[in-house]
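To keep things clear, I will list the structure first and then write my remarks on it.
FYI, it's all coordinate maths here, none of it is from the lab. Keep in mind the model is a prediction, meaning the values are calculated, not measured. Don't worry about glycine lacking a Cβ; one is built from the backbone with ideal geometry, like all the others, and counts go over all protein chains shown.
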């Protein structure tokens with residue numbers, strides 16, 4: 001493994017702290033990075049003295065100095081609509097491997113389609129959308145759809161209870177709800193424009209059973225999944241009750257144990273011309289799952305594993321089912337991939 005450190009940008013936020021603590025627990029050198037030196041110093045003291053690097057988003061020299069000395073940068077500071085481009089560009093220009101937690105569709109699309117070619121081709125591996133929302137759906141879709149042909153549609157469905165948004169997550173949600181230029185994927189192509197949300201019923205397996213969903217939600221699967229699954233339609237959905245729960249949008253200051261109390265099921269249904277397949281992930285603490293997924297990716301990149309230079313979705317960067325099995329072994333969730341039908 002490279003002796004260079006792994007940088008955590010946004011290390012003072014909830015996810016960033018989880019990422020930094022996990023890296024330290026694995027005995028790895030960490031650089032705590034972000035926009036507020038005093039808050040970074042507080043986190044450093046909590047972790048026993050990790051290095052600190054102040055790098056405001058409007059200071060490209062400070063960002064490049066950070067990425068020049070790190071083997072990998074894990075970007076945890078949302079909303080990525082605001083923070084994504086300067087940090088990703090600094091990493092790419094320095095040849096620093098990069099992993100982010102973005103679920104924002106337009107940031108993900110920018111990473112693949114619009115990032116300047118000289119930066120994108122500088123030699124780093126860049127993995128975007130390694131978040132609970134989006135990343136888990138992307139990995140699970142690849143695992144469920146493996147070896148299937150004639151795929152009509154892929155649906156990622158999230159059932160979440162006890163969701164307590166952080167300040168950053170709440171700001172991201174507010175931006176996403178207000179977006180009238182949502183990306184959808186239908187008839188084998190991306191479309192951008194206003195989408196009227198609707199209620200549908202998704203057939204979660206027992207013990208959940210069918211649940212009323214909001215569809216579509218503006219998650220990144222519509223950008224990432226079609227890159228590796230040849231489907232005519234891709235959509236993400238979320239249980240309607242998730243937004244109705246008391247405290248979901250007012251949980252900025254809840255204690256970590258309360259925030260960790262979230263329960264979730266991520267289910268992917270793949271419909272083919274002659275059958276289909278389904279799989280699911282069931283567990284607790286979606287924040288920790290996001291953090292450890294990015295840590296697993298970063299550690300592999302630091303150790304020379306990965307697909308090589310370029311920008312990748314989670315399921316393009318690592319073999320989906322083995323990667324999920326390794327995360328499952330950490331005790332984060334239970335993965336169920338039933339026998340496929342129609343083969």
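Mind grabbing the base-10 log of I(q)/I(0) for segment 257-297 at q = 0.14, 0.23, 0.28, 0.33 Å⁻¹? Debye formula, identical points on the C-alpha positions, no solvent, two decimal places.
The calculated log intensity ratios at q = 0.14, 0.23, 0.28, 0.33 Å⁻¹ are -0.46, -0.79, -0.93, -1.04.
Given (i) 23.0, 105; (ii) 19.0, 59; (iii) 32.3, 102, which label gives Rg and Dmax of the Cα atoms in Å as computed from the coordinates?
Among (i) 23.0, 105; (ii) 19.0, 59; (iii) 32.3, 102, the one calculated here is (ii).
Provide the descending list of Cα extents for segment 134-231 along its principal axes, expressed in whole angstroms.
Principal-axis extents of the Cα atoms in segment 134-231, largest first: 41, 36, 23 Å.
Have a look at 85, 259, 26 and tell me which one the Gaussian network model of the chain (Cα, springs below 10 Å) gives the largest fluctuation.
26
Roughly how many Å is it from the Cα centre of segment 196-231 to that of segment 14-57, as a whole number?
Computed from Cα coordinates, the inter-centre distance equals 35 Å.
Given points 7 Å out from each Cα along the Cα-Cβ axis, report the residue 252 to residue 161 separation in nanometres with one decimal.
Modelled inter-label distance: 2.8 nm.
Quick one: 109, 171, fewest Cβ neighbours within 10 Å first, how do they rank?
The order, fewest Cβ neighbours first, is 171, 109.
Provide the gained length on full extension for the span residue 194 to residue 42, in nm with one decimal, where the gain is 0.36 nm per separating residue minus the Cα-Cα distance.
50.4 nm
Quick check on the exposure proxy: order 15, 336 from fewest to most C-beta atoms within 10 angstrom.
So the ranking, lowest neighbour count to highest, is 336, 15.
What number, in percent, do you get for the relative contact order of segment 1-62 if the mean sequence gap of Cα pairs under 8 Å and at least 6 apart is divided by its residue count?
The normalised contact order for segment 1-62 reaches 30 percent.
How big, in percent, is the set of alpha carbon pairs in segment 1-140 lying more than 19 Å apart?
I get 46 percent for the Cα pairs in segment 1-140 exceeding 19 Å.
With springs only between Cα atoms under 10 Å apart, run a GNM on the chain and tell me which of 67, 83, 258 wobbles the most.
With Cα springs under 10 Å in the chain, the top fluctuation among 67, 83, 258 is at 258.
Which of 16, 150, 135 moves the most in a Gaussian network model of the chain with Cα springs under 10 Å?
Checking each option, the largest mean-square fluctuation is seen for 150.
Count the DSSP beta bridges whose two residues both fall in the chain, then state the antiparallel fraction as a percent rounded to the nearest 5.
In the chain, approximately 60 percent of DSSP beta bridges are antiparallel ones.
Under 1.5 on a/c is rounded, so check that first for segment 174-231, then, if it is not, pick prolate when a/b is larger than b/c and oblate when it is not; a ≥ b ≥ c are the square roots of the alpha carbon gyration tensor eigenvalues.
Note, shape of segment 174-231 comes out oblate.
Relative to the longest principal Cα axis of the chain, at what angle does helix 167-178 sit, 0 to 90 degrees, rounded to 10?
Helix 167-178 sits roughly 50 degrees off the main axis of the chain.
Is the shape of segment 181-339 best called rounded, prolate or oblate, per the rule: a/c under 1.5 gives rounded, else a/b larger than b/c gives prolate, else oblate, with a ≥ b ≥ c the square roots of the Cα gyration tensor eigenvalues?
Since a/c stays below 1.5, the shape of segment 181-339 is classed as rounded.
So, R0 is 56 Å and r is the distance between the beta-carbons of residue 4 and residue 152; what FRET efficiency does that work out to, to 0.05?
The computed FRET efficiency comes out at 0.80.
Round to a whole angstrom and tell me the spacing of the C-alpha centers of segment 136-151 and segment 265-334.
Answer, in whole Å: 11.
Normalised by the residues of the chain, what does the relative contact order come to in percent, with Cα pairs under 8 Å and at least six apart?
21 percent
Is the shape of segment 73-119 best called rounded, prolate or oblate, per the rule: a/c under 1.5 gives rounded, else a/b larger than b/c gives prolate, else oblate, with a ≥ b ≥ c the square roots of the Cα gyration tensor eigenvalues?
Oblate.
Counting other beta carbons within 10 Å of each residue's own, what order do 98, 185, 158 fall into, fewest first?
185, 158, 98
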